[in-house]
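Below is one structure. I have some questions about it.
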Amino acid sequence: MCRKECDLKKRLCQKHKDIDYKRELAGWHQRQKEAQDSYLCRRVAYPGSSRPECVVVERYFHFTYRINRGAAWGIFSDLPETIRRPFFVSITFVAILFILFLFAFRLEKDHYLMIIALSLILGGAIGNFIDRISYNYVVDFIEWFWRERRYTWPTFNIADTAISIGVVLIAIELFFFAPPFPEDE
């Protein structure tokens, strides 16, 4: 009796797996067709893998699906899952709270550059946070390289771009617009 019931459950589970697989495959083909029809894509390439790349500028700029389980450039991606996920979720949560604290209590309305910078960092942090909570990784897709992938910049996403621009704006604010340190007498 038990053996017959187990076999029946296995067949039902396999049937559901096949349906999910077919749905995923159909969705993948649909996304591939959308990429080919996109006004950004010159062509779709298959560089030695089953994942297509959207070639935006030949030999320089592609959209390529990459999974980043770590931080910038894959740092800490080799940590065990039980450490990595709580670490990234807590660090991101603390950073978001700190930026909100700065907005609420420390920034003055005439610090336009700092407000823009922190807004970009906050938006990028929230975007990557949503990916990390939803998928347990961040999806990177913008790939720049030069000379037939001889010199490759690590793949990144829009949230990473916003964070990087925000950090550069903070550096500009601190180096060029911040008041000088008072001299000790």
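Could you say whether any residue in the stretch 102-121 is surrounded by 15 or more Cβ atoms within 10 Å (Cβ to Cβ) and among the aromatic types (Phe, Trp, Tyr)?
No.
Now for a different question. With the structure loaded, tell me whether Glu173 is modelled with pLDDT under 90 and of a type in the set (Asp, Glu) or whether it fails that test.
So Glu173 does not fit the description; no.
So is Val57 open to solvent by less than 90 Å² (accessible area, probe 1.4 Å) and modelled with pLDDT under 85 or not?
Taking the combined requirement at face value, the residue satisfies it.
If we keep just the residues of the stretch 151-161 that are over 8 Å from the mean Cα position of the chain (by Cα) and not aromatic (Phe, Trp, Tyr), which is surrounded by the fewest Cβ atoms within 10 Å (Cβ to Cβ)?
Residue satisfying both the conditions and the ranking: Thr152.
Moving on. Would you mention how many residues in the stretch 60-93 are at positive phi, of a type in the set (Phe, Trp, Tyr) and open to solvent by less than 30 Å² (accessible area, probe 1.4 Å)?
Summing the residues that are at positive phi, of a type in the set (Phe, Trp, Tyr) and open to solvent by less than 30 Å² (accessible area, probe 1.4 Å) in the stretch 60-93 gives 0.
Something else now. Anything in the stretch 164-175 that is in contact (Cβ under 8 Å) with a residue 12 or more places away in the chain and open to solvent by less than 50 Å² (accessible area, probe 1.4 Å)? List them, or say none.
Answer for the stretch 164-175, where residues must be in contact (Cβ under 8 Å) with a residue 12 or more places away in the chain and open to solvent by less than 50 Å² (accessible area, probe 1.4 Å): Gly166, Leu169, Ile170, Glu173.
Just to be sure I understand, how many residues within the stretch 126-150 are open to solvent by less than 40 Å² (accessible area, probe 1.4 Å), part of a helix (DSSP H, G or I) and not small (Gly, Ala, Ser)?
3
More than 30 Å from Ala178 (Cα to Cα) and either of a type in the set (Ser, Thr, Tyr) or part of a strand (DSSP E or B) (or both) - does that describe any residue in the stretch 78-96?
Among the residues of the stretch 78-96, at least one is more than 30 Å from Ala178 (Cα to Cα) and either of a type in the set (Ser, Thr, Tyr) or part of a strand (DSSP E or B) (or both), which makes the answer yes.
The values are calculated or read from the model by the stated rules, or taken from the named source; none is laboratory data. Model, not experiment: these values are computed from the prediction. Cβ coordinates were reconstructed from backbone atoms using ideal geometry, including for glycine residues, and neighbour counts include every protein chain displayed. Remember, those area values only see protein heavy atoms, side chains included, never the ligands or the DNA or RNA. Shrake-Rupley method; radii C 1.70, N 1.55, O 1.52, S 1.80 Å.
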